[in-house]
1. Name, by its number, the condition in (1) at pLDDT below 95; (2) over 26 Å from Asn232 (Cβ atoms) that does not hold for Glu128.
2. State whether one or more residues within region 318-331 are within 30 Å of Ile71 (Cα to Cα), crowded, with 20+ Cβ neighbours inside 10 Å and of a type in the set (A, V, I, L, M, F, W, C).
3. Looking at (1) surrounded by 18 or more Cβ atoms within 10 Å (Cβ to Cβ); (2) at pLDDT below 95; (3) assigned to a loop (DSSP other than H, G, I, E, B), find the lone condition where Thr340 falls short.
4. Tell me which residues, restricted to region 249-275, are among the polar types (S, T, N, Q) and part of a loop (DSSP other than H, G, I, E, B).
5. Among the residues of region 262-301, which ones are closer than 13 Å to Trp353 by Cβ and among the hydrophobic types (A, V, I, L, M, F, W, C)?
6. Looking only at region 146-171, filter to residues that are part of a helix (DSSP H, G or I), of a type in the set (A, V, I, L, M, F, W, C) and out of contact with any strand residue (DSSP E or B) (no Cβ under 8 Å at 6 or more places or on another chain); which one of those is surrounded by the most Cβ atoms within 10 Å (Cβ to Cβ)?
7. Just the residues that are free of Cβ contacts under 8 Å to residues at least 24 places away in the same chain and on the phi < 0 side of the Ramachandran plot, please, taken from region 129-177.
8. Residues to consider are Val106, Val114; find the one that is farther than 21 Å from Tyr350 by Cβ and either modelled with pLDDT under 95 or in contact with a strand residue (DSSP E or B) (Cβ under 9 Å, 6 or more places away or on another chain) (or both).
Amino acid sequence: MDHPGGHLAVVLLVLVLVSMSTENNIIRWCTVSDAEEQKCLDLAGNATARNIRGQLLCVRGQSPTDCMKQIKNGTADASTMYADEIYTAGFCYGLDVAVGESYNGVDGINYYVVALARTSSSDLSMLEMHERSSCHPGMRTTVGWTVPIGFLVNTSQISVDEQCNFPHAVGDFFGYSCVPGVKDPEHDPKGNNPRNLCEACIGDENDRHICANNPRERHFGEAGALRCVAENLGDVAFVKHTTVFDNMEGKNQESWALDLELEDLKLLCPDGREANLFQHESCHLAVVPTNAVVVRLEDKCRVYKFLERVQNAFANATEGFSLFSSVNYGQPDVLFSDSTKKLLRVMGTYTSWLGPSYTTILKAFECEGLC
């Protein structure tokens, strides 16, 4: 005679397995803007319409850090993040990455950060920068601050005090600089960041907005940092490897750019050597990786598999929803970068995606209390 308790146990087991299977097919994507949320909803709807296995739910986070917390505690499963955010997610929250964007279809390199100087500058080396003048695209930017200052700390040229005061250490190190935004309240709440970090800045045509964290400061941004060196107001500019080429051959119509020749500039290598502008792959301060999708370690595989199915359906769409297009969302690079060619599976840890040069750079800032 059958025991009724046995049937009940089997039914309960089946219900649990169905529930686990359904939950395992749900991916909750953490978005941080209205545009991201809308594109996520559109992706979810299109994926369902195409019968793609897995269900995408869109949840809202207040910031990338909030999304990290949600992924860690299980109220979200995935979110696309920048390289420095990926480091924080891994270092502080124990998270990992499932896939990364590729802009060339081959690897996850976004750009190289290079040190640019005039060819005529002699006795100039990345290993002897003390009291030289420097040009930075902006305060707290990856290119203009994190990479060059991290490099100088890691090569023991800059030492940071117990208060972890990077602006003071940088001000003591360089003779004078242009670091747009270094005196903004956001970066200088007590108003005591060194003034020499603005002395290579020139403001606008009326000598106003000097050191402003926007284009009214003519040495703001990568083109501004290049101009700073081109006009002999700085010894070295920290920029992307593409910056010079983006401002030459008539692409920038300002007089300082029109007068610039490739042979006027050189790269300074981290080992003290010099190189020409085309040798950035062997002469750079760091390789900055592309964005990647942050997940819990145990979800790497299932998130990758879902995104692979989504990519196969929508990556190269010429009409309707397109995974790597933000044309309908009012701003660029929504959910994924518009320049993404494909998503690459990340088999290693988050540090393998970030790469050794960039990971080492970021370690220099751990005293600031990332977590």
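1. (2)
2. So far as region 318-331 goes, yes, one or more of its residues are within 30 Å of Ile71 (Cα to Cα), crowded, with 20+ Cβ neighbours inside 10 Å and of a type in the set (A, V, I, L, M, F, W, C).
3. The one condition Thr340 does not meet is (2).
4. Selection gives Asn252, Gln253.
5. Residues satisfying the conditions are Val287, Val288, Ala292, Val293, Val294, Val295.
6. Residue satisfying both the conditions and the ranking: Ile149.
7. Answer for region 129-177, where residues must be free of Cβ contacts under 8 Å to residues at least 24 places away in the same chain and on the phi < 0 side of the Ramachandran plot: Thr141, Leu152, Ile158, Ser159, Asp161, Glu162, Gln163, Asn165, Ala169, Asp172.
8. Result of the check over Val106, Val114: Val114.
The values are calculated or read from the model by the stated rules, or taken from the named source; none is laboratory data. Because the structure is a prediction, the values reported are computed rather than measured. Cβ: placed from backbone, ideal geometry, glycine included. Neighbour counts: every protein chain shown.
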